[in-house]
Amino acid sequence: MTEESSSTKTRLLSRGLTGGIHPPVKSDLGYWLSIRAGALIFGAAIVLFVWSILHQSLSAWTSHGIHILTGTVWSPSTSNYGALPLILATLITTAVALLVAVPIGLGTSLTIIFFLPQRLKTPITSLVELLAAVPSVVYGLWGLFVLVPWMNTTIEPKLASITGGGFPFNGATNGFGLLLASIVLSVMILPTIVAISRDVIAAVPHEQIEGALSLGATKSQTLLKVVLPEARTGIFGAITLGAGRALGETIAVAMVIGSNPQIPKSLFSTGATLSSTIATEFGEASGAQLAALGALALILMVITASVNAGARTLTRRALRGHA
Amino acid sequence: MSMTQDELNPTRDTEPITNGQSAVSTLTPPAMRLENVSVSFNGRTAVRDCTFNVASNRVTSLIGPSGSGKTTLLRSLNRLHDLTRSAKVEGKIMLGDIDIYGGSLPPTLLRSRIGMVFQRPNPFPTMSIYDNVVSGLRFNGIKKKALLDEAAESALISAALWDSVSSRLKAHGSTLSGGEQQRLCIARALAVEPEILLMDEPTSSLDPISTQRIEELMVELKNRVTIIIVTHNMQQAARVSDDCAFLLMGEDRAGELIEFGPTTKIFNDPSDPRTLDYIQGRFG
Ligand SMILES: Nc1ncnc2c1ncn2[C@@H]1O[C@H](COP(=O)(O)OP(=O)(O)OP(=O)(O)O)[C@@H](O)[C@H]1O
Ligand SMILES: [Mg+2]
């Protein structure tokens, strides 16, 4: 992500949450109408889009009903279309990816802004942004060739020894699986989180930082108690965008998760996410299976939309507390 | 840093507020001493060779035209330039008998002894009024609710804000008027019980009535804290300060201390013609 596009995004985020379209003044009428028309067309396109997916998956919903959501077996060959394993794998990999990427991303942003000497700021920032330019399939390959053996021989045994082979690091290890997918995802969403959080953190007025320091605060107290809370709305936005990307990421996940739809018993389990399943099965699917894949797409969209709506509510609440 | 119960329980508060004790104060040792203090940014000197004493329990004003280095000099007193990589402070600044750049006093501890109020009110927008006032104590490691409550009340009383906010301590600081926000910032600084309070044009963004309240406050606060104020307002310097330092840019645009002395002397009988010119509004 380039510097410009990320700051634009931040601005849009904050504007979208606070602003609205004001009633038209006479001379602005044409402009106002064209904005309304644009919104209308956009809205219609979305409705049409959702309707077409709904329509595509309709036969799956009518023949399997709620079982699509609650069924624990996804096996097209036996006509079992239970998406619960896929939903769980999607949510788990996204959650773990955020758990890894958010602290690292915020730490990176704070370091870039407050600790790096001026001459290192630009190179490090470009380096992080370069991560965003790497195609998904390359991340998948990197996961396959570099991370799988490393996970298998080093990371997974270490983690297992931490919990003594207990949850969530239990069971057989082979490198592939939810944990690896989460780690690949975390690297993929890192640039998004860094780019946006860096902008919102840098936007915290210097007067606030000096205000804290002048009261005897240490640098870390200032960052934790003043800077991060003040940037929290934008940080929520960064996390939401990261979550959106992780939920929908397809190819890289499909390459490293093991393509084995099952209810995960640990982070070492192999699995399959909603998007990876759609991608891997779409080629040979027809009839009932195709409809079931349509249902997966719908579920994925609902999850993504809920995450966005939830984040919006949280930020609104935070902003209201602010005023 | 730890604070004893005594430090947090300012019995001084209950004593009657008396003004005009300057005559006594001159006998006590100075609160701060500046010896040949220079500050430069990227090698360019912004203020040069300032030497003067800041008397305890008095108000010392720094006046001078824009760019003469008043803010720069003030911020060297609580080591706020530490954040600016390009800034360099030379000379000696003594707080009592401690050289503040000497390494024996950590900057965080120094800043809890020398508070600061900024030009624009800067309450922490994510914190309530109460949390703002006790933020400095929390930064300094004080957690006990009873102590914080007591300190908050006493600081808000001292800042003449208690009556208007006591019923809405949980509200956000941003719900206050500009003048109230500035008094909140004063309360926040006072809660840490500093010996010295630095104020950089604290009323420049306020209306005349809020300004007057803060000026009255400064005079009231004198018996418990030494105040150093930067101001552009000549009348304000004359009204509130006991001592006055006049700074002016020299040949190379670096600020220099032209004259320092009792405010009455600076305003009525300055020794330097440039001071007279400035006081009479002939330049600046
Ligand atoms: N962080 C900085 N980096 C570089 N130069 C600076 C910095 N801060 C101040 N200066 C320079 O130091 C000089 C004095 O500035 P300062 O803000 O101290 O003046 P001032 O007397 O407070 O002026 P004003 O009355 O306008 O507030 C100016 O030339 C300014 O450009
Ligand atoms: Mg200034």
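The values are calculated or read from the model by the stated rules, or taken from the named source; none is laboratory data. Everything quoted here is computed from the prediction, not taken from an experiment. Reconstructed Cβ throughout: ideal geometry from the backbone, glycine too, with neighbour counts over all protein chains shown.
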Notebook entry, point to check: Got at least one residue in the range A:138-154 being closer than 23 Å to A:Ile92 by Cα, aliphatic (A, V, I, L, M) and buried (at least 23 other Cβ atoms within 10 Å of the Cβ)?
Noted result: yes
Next item on the list: Only one of these is crowded, with 23+ Cβ neighbours inside 10 Å and under 16 Å from B:Val117 (Cα atoms): B:Thr211, B:Thr226. Name it.
Entry: B:Thr226
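Out of the range B:46-62, which residues are near ligand 1 (Cβ under 9 Å from one of its atoms) and more than 13 Å from the chain's Cα centre (by Cα)?
Keep residues of the range B:46-62 that are near ligand 1 (Cβ under 9 Å from one of its atoms), which gives B:46-47, B:62.
Scanning the range B:46-62 gives B:Ala46, B:Val47.
Which helices (runs of 4 or more DSSP H) sit wholly inside the range B:201-284 and have at least 1 residues that are β-branched (Val, Ile, Thr) and free of Cβ contacts under 8 Å to residues at least 12 places away in the same chain? Working first, answer last.
On the way: elements: B:208-221, B:234-240, B:263-268, B:273-279.
Qualifying helices (runs of 4 or more DSSP H): B:263-268.
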Check: Could you say which residue among B:Gly179, B:Gly136 is closer than 20 Å to A:Gly211 by Cα, within 23 Å of the chain's Cα centre (by Cα) and surrounded by fewer than 24 Cβ atoms within 10 Å (Cβ to Cβ)?
Finding: B:Gly179
Note to self: Can you report the number of residues in the range A:70-85 which are touching a residue at least 24 places away in the same chain (Cβ under 8 Å), farther than 15 Å from A:Phe282 by Cα and not in a loop (DSSP other than H, G, I, E, B)?
What the structure shows: 2
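Filtering the range B:63-94 down to residues that are part of a loop (DSSP other than H, G, I, E, B) and among the polar types (S, T, N, Q), which residue is farthest from ligand 1 (Cβ to nearest atom)? Talk me through it step by step, then tell me what you get.
As a first pass, look at the range B:63-94 and keep what is part of a loop (DSSP other than H, G, I, E, B): B:64-69, B:78-79, B:84-86.
If we keep only those that are among the polar types (S, T, N, Q) too, we end up with B:66, B:68, B:78, B:84, B:86.
Details: B:Ser66: 3, B:Ser68: 4, B:Asn78: 14, B:Thr84: 5, B:Ser86: 6 Å.
Going through the qualifying residues, I end up with B:Asn78.
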Margin query: Anything in the range A:246-275 that is without any contact (Cβ under 8 Å) to a residue 60 or more places away in the chain and part of a helix (DSSP H, G or I)? List them, or say none.
Written below: A:Gly248
Next item on the list: Could you list, in sequence order, all residues of the range B:64-85 that are in contact (Cβ under 8 Å) with a residue 24 or more places away in the chain and away from ligand 2 (no atom under 14 Å from the Cβ)?
Entry: B:Asn78, B:Arg79, B:Asp82, B:Thr84
Notebook entry, point to check: Filter the range B:122-145 for residues that are in a helix (DSSP H, G or I) and of a type in the set (Lys, Arg); which is farthest from the other protein chains (Cβ to nearest Cβ)?
Noted result: B:Lys145
Next item on the list: Would you tally the residues in the range B:71-84 being under 18 Å from B:Asn53 (Cβ atoms) and more than 12 Å from chain A (Cβ to nearest Cβ)?
Entry: 2
Item checked: Residue identified as hydrophobic (A, V, I, L, M, F, W, C) and modelled with pLDDT of 95 or more among A:Val128, A:Val138 -> A:Val138
Item checked: Pairs with Cβ under 8 Å, 6+ apart, first in the range A:212-237 and facing chain B (nearest Cβ under 7 Å) and in a loop (DSSP other than H, G, I, E, B), second surrounded by fewer than 21 Cβ atoms within 10 Å (Cβ to Cβ) and at pLDDT below 90 -> A:Gly216/B:Met1
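Looking only at the range B:204-248, count how many residues are more than 13 Å from B:Val59 (Cβ to Cβ) and within 15 Å of the chain's Cα centre (by Cα). Steps first, answer last, please.
First, pick out the residues of the range B:204-248 that are more than 13 Å from B:Val59 (Cβ to Cβ): B:204-213, B:232-235, B:246-248.
Now restrict to residues that are within 15 Å of the chain's Cα centre (by Cα): B:204, B:232.
Total satisfying the criteria: 2.
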Notebook entry, point to check: Within the range B:85-121, restricting attention to residues that are among the polar types (S, T, N, Q) and more than 19 Å from the chain's Cα centre (by Cα), which residue is nearest to the other protein chains (Cβ to nearest Cβ)?
Noted result: B:Ser86
